[in-house]
Amino acid sequence: MIDAADPAAKPGDVVNIYDKDGGLFGRGLFNPRSQIAVRVLSAGDAAIDDEFWRQRLRAAIELRRTLRIEESTDAYRLVHAEGDGLSGLVVERYADVLAFELFSLGIVQRFELLARIVAEELGPPSRLDRVGAVPSPWRVVYRVDERSASIEGVPERCRSGVAAGTDAQRLGEVTIRENGVRFRVDVVRGHKTGFFCDQRENRRRLAALCRDARVLDLCCYTGGFALAAKLLGGAREVTAVDLDEDAVGLARQNANLNQARVQFVHADAFAYMRQMLENGREYDVVVLDPPKLAPTRADLEDALRTYYDLNRLAVRLVRRSGLMLSCSCSGLVTPHAFAEMLQRAARNAGRRLQVFDRTGAGPDHPVAIECPESEYLKAFWLRVQ
């Protein structure tokens, strides 16, 4: 939709955006090599200066304070890209660590400014498990995922690092608390920023359905659903499976940290489910939360096939009238397409599904009403007949 661009505009620059009649539409970050050539920041004649960034970041932080998220956790999303009017920027808090995930060259170029403003607006970090302790400065880490770095043209030297004043030697695993459960989070080597804060409310809700239940957590990562089911829900038996050996190792550490008895299995979910079916195993509650399977539109068809194959096996492991939570974090997979896939998977498996709720990410992942595409997480709560 871009008719022309000033040759003087460099990748990452703030540019004026004009409509087809020559009127000023707004301002945004420019990158001609990206799939998103202009990330609009403001409408009209608002200046994109230090005060602009401060106001946007302050508004994002104030929302999380209004939601009183810190009453239950010290791990949550502070900035949710388009949802907070800051396309290309995700910031998550893990105890005294701020983890930045950068998706835009223009945002990468402004990282030090943004990190300084966030730290100033938050004030010194408070810790749920260190009441009365003398606060220490924020530790700040950032990363750009490989695909975004390639598309945006982010130089190799700028794809991960720490903010000025952060001791890189002190970064790595950090302990967080969520609804009374403790987790170790690897903010340097973990997936995304190290933990999936978006499932926090879903983990707590699942726990309420697990009293004395036999639970299977597939694609468990570092054990979020599994530990919630055991510690908060009082599940009788919990088995958690993941193909990532490092994630399973950290999950076991998390279980030990909470003195929880959970069986963690390093295995491919497909192979494990087939083995359990051969053994005649059934579970009262099954959680299926695979990683993002459709990063691009070209991957969508294959992703839906994989979701189908996973769910077709998973529903057969649920006992009669048992419960299943099936999730997708692929934003390109619409709720309608996901529901159709579930219907086909259940029918092929000789099961019937009742959907008793549909949820998504927690309130610290707001969705701008003009950008519904950013409502990526789908969680279908199912009764299996």
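Worth pointing out:
- Efficiency of FRET from Cβ geometry, Ala271 and Glu146, R₀ 35 Å, rounded to 0.05: 0.80
- Fluctuation leader among Ile369, Ile151, Ile117 - the chain, Gaussian network, Cα springs under 10 angstrom: Ile369
- Residues of type lysines that Lys230 reaches as a straight line, Cα spacing below 21 Å, ignoring anything fewer than 8 places off in the same chain: none
- Local electrostatic count, Met276, Cβ distance below 11 Å [Lys/Arg +1, Asp/Glu -1]: +1
- Per residue value of the accessible surface for the chain (all protein chains in place, 1.4 Å probe), Å²: 47 Å²
- For the chain, the antiparallel share of DSSP beta bridges with both residues in that region comes to about 65%.
- Rounded D (µm²/s) - the range 295-355, Kirkwood Rh over Cα pairs, Stokes-Einstein at 4 °C, 1.567 mPa s: 108 µm²/s
- Looking at the chain, the pairs of alpha carbons with a distance over 27 Å make up 52% of the total.
- Relative pair counts by distance (%), Cα atoms of the range 206-319, 5 Å bins: 2, 12, 22, 22, 19, 13, 6, 2, 0
- Of all the options Asn254, Asn279, Asn348, the one that moves most in a Gaussian network model of the chain with Cα springs shorter than 10 angstrom is Asn279.
- Under a 5 Å amide H cut-off, with hydrogens placed 1.01 Å from N, Ala240 pairs with Asp217, Gln263, Phe264, Val265 among residues at least 5 apart or on other chains.
- The aspartates and glutamates within cross-link reach of Lys378, meaning a Cα-to-Cα straight distance under 15 Å and a gap of 8 or more places when in the same chain, are Asp198, Glu201, Asp289, Glu340, Asp357.
- Label-to-label distance, nm, for residues given as Asn256 and Asp49 (7 Å Cα→Cβ offset): 5.5 nm
- Volume of the convex hull of the range 1-143 (Cα atoms only), normalised per residue: 114 Å³.
- Short-range pairs are left out: with C-alpha atoms under 8 Å and at least six residues apart, the relative contact order of the chain is 12 percent.
- Residue-normalised convex hull volume from the C-alpha trace of the range 142-195: 100 Å³ per residue.
- Between Gln35 and Cys371, the modelled label-to-label distance comes to 1.5 nm, taking each label 7 Å out from Cα in the direction of the beta carbon.
- Taken over the Cα atoms of the range 121-271, the convex hull encloses 154 Å³ per residue.
- When the chain is treated as a Gaussian network with alpha carbon springs shorter than 10 Å, the biggest mean-square fluctuation among Ala349, Ala251, Ala271 belongs to Ala271.
The values are calculated or read from the model by the stated rules, or taken from the named source; none is laboratory data. Predicted model, so just to flag it, every value in this text is computed and none were measured. Note: ideal-geometry Cβ built from the backbone for every residue, glycine included; neighbour counts use all protein chains shown. To get the accessible areas, we keep the full protein, side chains included, count just its heavy atoms, and leave off ligands, DNA and RNA. Shrake-Rupley method; radii C 1.70, N 1.55, O 1.52, S 1.80 Å.
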